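Asker: The structure follows.
The values are calculated or read from the model by the stated rules, or taken from the named source; none is laboratory data. Since the model is a prediction, treat every value here as computed from it, not as a measurement. Counting neighbours? That spans all protein chains shown, and the Cβs are built from the backbone with ideal geometry, glycine included.
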Amino acid sequence: MLSYTPGSSLAHRLDPRTKLAAQIAFVVAAFAHTTPGGLAALTLLALGILASAHLSPYSAIYAYRFALPFLLVGPLIEGLTLGGFDLTRAFETGLASYRVLLILLVSAAYVRSTPVRESRAAIQWAVPGKPGAFLGMGTAFVFRLLPLLVADLKRAREAMNARLASERAVHERMALLAVTGVERALGRADGFSLALRARCFAWNPTLPALTFGRLDLPALALAAGLALSALY
Amino acid sequence: MSTETESVDLVDDATVKNVARAALCAALTGAFAYVSFPYPLSPAPVTLQVLGVFLAGLLLGPVWGGAAMVLYLTAGAVGAPVFAGGEAGIGSLVGPTAGYLWSYPLAAGVVGALVHGRSVGPLGAVGVPRLIGAMAVGVCVIYAVGVAGLMAVLGLSLPNAVLTGAVVFLPAEALKMAAAVGIVRSDRLTAA
């Protein structure tokens, strides 16, 4: 599974805002230049971005393996016609699928190289005021709570299997598992909100100060160039 | 960003409770993405993510339910492994499943609004036809936006997008709605 890994690569040293801007610019450029030439240039760039995060293309693709069937089925089904296989239509959809793959690879580099606290600070920089504070704190909570809830569901599933749950209908099993999951989650929510109040939960906690460094300048210029390239 | 240290602006108690519940609902939707059931009609397994969307609307109401789903998408975008198959990153938000993901805040809001109206009351007072109707509308929202997403991202034509992105999965959604009714009618959730 893809997640943040501490390191000292080029991508790790960039400001999170730079990395977000570069990703968005890459998406814009990929949608604007869905041609063989454009995508070839963007492939080189994507590989460079992955290298800057010390991430191999294979592990990045493996992390997104669940999206791959969709990307493969798209061109196949679009090419199928009553009279046979239409190569030009399949090729066009294939280019669209490939640009999505490139975008996924670039976002893998961000996920790999950016810790939660920096992402949170970037969110609160981009969305000011209480909505930003809500998004920032909520994001941090989701990171913290997700492993707990996944473990809850896993325990519930093991207990169900030990009690011959496989003999039950699928919707009954779903309901049993989900009731347990929701029950645990609501219980955790009540305890969690009590703990937050006990610790002076505030709208304006202290976050790491974000500063653009010398390295960010070329990366930001690249992002601006990609975004502008969409216009031509 | 600038850091304020002079004064502390405490979050009021009612909001703390809603923030905690929204965060838990978002995380639960993420945890449901890891639970897959074998499904005879499609080679892809069925996850319970959509159940999390229904529950956010049912338990938190339109505003906080929608906010919980916005939180889910934001956390996923910056790297929490909450999307199907433990995926994360902005790429998932513009990938093949983009339409489905973007529809979640809207769907949770619609389900919450149809079940609760303006004020969030106890779910025991809501009739089963209303629950099922609200969730059916929610499913329609998710699949309409999801199919539009497939067309925009992969360039599929409408019939192909409907076939690969909606028709195969609709029977599984009926199962999830049955499960959701079972959940809100369960004796074990009286505290909700």
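Asker: Please go through region A:187-211 and pick out each residue that is more than 7 Å from chain B (Cβ to nearest Cβ) and at pLDDT below 85.
Answerer: Selection gives A:Arg199, A:Pro205, A:Pro208.
Asker: Right, another one. Cβ-Cβ below 7 Å, separation at least six or inter-chain, first residue in region A:148-176 and in the same structural domain as A:Ala189 (by TED's automatic domain parsing), second β-branched (Val, Ile, Thr): which pairs?
Answerer: Correct list of pairs: A:Leu153/B:Val35; A:Ala156/A:Thr180; A:Ala175/B:Ile183.
Asker: Here is a further query. Given the conditions (1) surrounded by 24 or more Cβ atoms within 10 Å (Cβ to Cβ); (2) within 21 Å of A:Tyr62 (Cα to Cα); (3) of a type outside the set (Phe, Trp, Tyr), which single one is not true for B:Thr47?
Answerer: Going through (1) surrounded by 24 or more Cβ atoms within 10 Å (Cβ to Cβ); (2) within 21 Å of A:Tyr62 (Cα to Cα); (3) of a type outside the set (Phe, Trp, Tyr) one by one, B:Thr47 breaks only (1).
Asker: Given the condition at pLDDT below 90, surrounded by fewer than 17 Cβ atoms within 10 Å (Cβ to Cβ) and not in a helix (DSSP H, G or I), answer yes or no: does some residue in region B:147-168 qualify?
Answerer: Yes: region B:147-168 contains one or more residues that are at pLDDT below 90, surrounded by fewer than 17 Cβ atoms within 10 Å (Cβ to Cβ) and not in a helix (DSSP H, G or I).
Asker: Continuing with the same structure: Residue by residue through region A:44-75, note down the ones that are modelled with pLDDT of 85 or more, under 19 Å from B:Leu158 (Cα atoms) and either loosely packed, with under 15 Cβ neighbours inside 10 Å or aromatic (Phe, Trp, Tyr) (or both).
Answerer: Across region A:44-75, the qualifying residue is only A:Leu72.
Asker: State all residues of region A:193-224 that are in contact (Cβ under 8 Å) with a residue 40 or more places away in the chain and in a helix (DSSP H, G or I); if no residue qualifies, say none.
Answerer: Result: A:Asp216, A:Ala219, A:Leu220, A:Leu222, A:Ala223, A:Ala224.
Asker: Could you check how many residues of region A:88-103 are without any contact (Cβ under 8 Å) to a residue 60 or more places away in the chain and among the basic types (Lys, Arg)?
Answerer: Adding up the residues that qualify gives 1.
Asker: In region A:154-161, is there at least one residue being under 26 Å from the mean Cα position of the chain (by Cα) and either under 17 Å from B:Gln49 (Cα atoms) or at the interface with chain B (Cβ under 8 Å from one of its Cβ atoms) (or both)?
Answerer: Yes, some residue in region A:154-161 is under 26 Å from the mean Cα position of the chain (by Cα) and either under 17 Å from B:Gln49 (Cα atoms) or at the interface with chain B (Cβ under 8 Å from one of its Cβ atoms) (or both).
Asker: Here is a follow-up. Looking at region B:70-86, which of the residues that are part of a helix (DSSP H, G or I) and either on the phi > 0 side of the Ramachandran plot or surrounded by fewer than 24 Cβ atoms within 10 Å (Cβ to Cβ) (or both) is modelled with the lowest pLDDT?
Answerer: For region B:70-86, the residue satisfying everything is B:Gly85.
Asker: Let me ask another. Anything in region B:123-140 that is assigned to a helix (DSSP H, G or I) and out of contact with any Leu (no Cβ under 9 Å at 6 or more places or on another chain)? List them, or say none.
Answerer: Result: B:Gly124, B:Ala125, B:Val128, B:Pro129, B:Ile132, B:Ala136, B:Cys140.
Asker: Of the residues B:Val70, B:Val50, which single one is in contact with a Phe, Trp or Tyr (Cβ under 9 Å, 6 or more places away or on another chain) and at the interface with chain A (Cβ under 10 Å from one of its Cβ atoms)?
Answerer: One residue alone meets the criteria, B:Val70.
Asker: Of the residues B:Gly117, B:Gly133, which single one is away from chain A (no Cβ under 14 Å), touching a helix residue (DSSP H, G or I) at 6+ places or on another chain (Cβ under 8 Å) and farther than 30 Å from A:Leu72 by Cβ?
Answerer: B:Gly133
Asker: Within the group B:Val115, B:Val120, B:Val111, B:Val63, which residue is touching a residue at least 40 places away in the same chain (Cβ under 8 Å), farther than 30 Å from A:Arg99 by Cα and not in a helix (DSSP H, G or I)?
Answerer: Exactly one of B:Val115, B:Val120, B:Val111, B:Val63 is touching a residue at least 40 places away in the same chain (Cβ under 8 Å), farther than 30 Å from A:Arg99 by Cα and not in a helix (DSSP H, G or I), namely B:Val120.
Asker: Please list, ordered by first then second residue, the pairs with beta carbon atoms under 9 Å, 6 or more apart or interchain, first in region B:10-31 and within 7 Å of another protein chain (Cβ to nearest Cβ) and outside any helix (DSSP H, G or I), second at pLDDT 90 or above and buried (at least 24 other Cβ atoms within 10 Å of the Cβ).
Answerer: What qualifies is B:Val11/B:Val19.
Asker: Do we find a residue being farther than 29 Å from A:Thr5 by Cβ and part of a helix (DSSP H, G or I) anywhere in region A:43-51?
Answerer: Scanning region A:43-51 turns up no residue that is farther than 29 Å from A:Thr5 by Cβ and part of a helix (DSSP H, G or I).
Asker: Can you give me the number of residues within region B:75-90 that are within 13 Å of the chain's Cα centre (by Cα) and β-branched (Val, Ile, Thr)?
Answerer: 1
Asker: Just to check your reading of the model, which residue among A:Thr139, A:Thr93, A:Thr114 is touching an Asp or Glu at 6+ places or on another chain (Cβ under 6 Å) and either within 8 Å of chain B (Cβ to nearest Cβ) or surrounded by 18 or more Cβ atoms within 10 Å (Cβ to Cβ) (or both)?
Answerer: A:Thr93
Asker: Which of the residues spanning region A:119-129 are under 15 Å from A:Ala21 (Cβ atoms), more than 7 Å from chain B (Cβ to nearest Cβ) and surrounded by 20 or more Cβ atoms within 10 Å (Cβ to Cβ)?
Answerer: If the condition is that a residue be under 15 Å from A:Ala21 (Cβ atoms), more than 7 Å from chain B (Cβ to nearest Cβ) and surrounded by 20 or more Cβ atoms within 10 Å (Cβ to Cβ), then A:Ala122 is the only one that fits.
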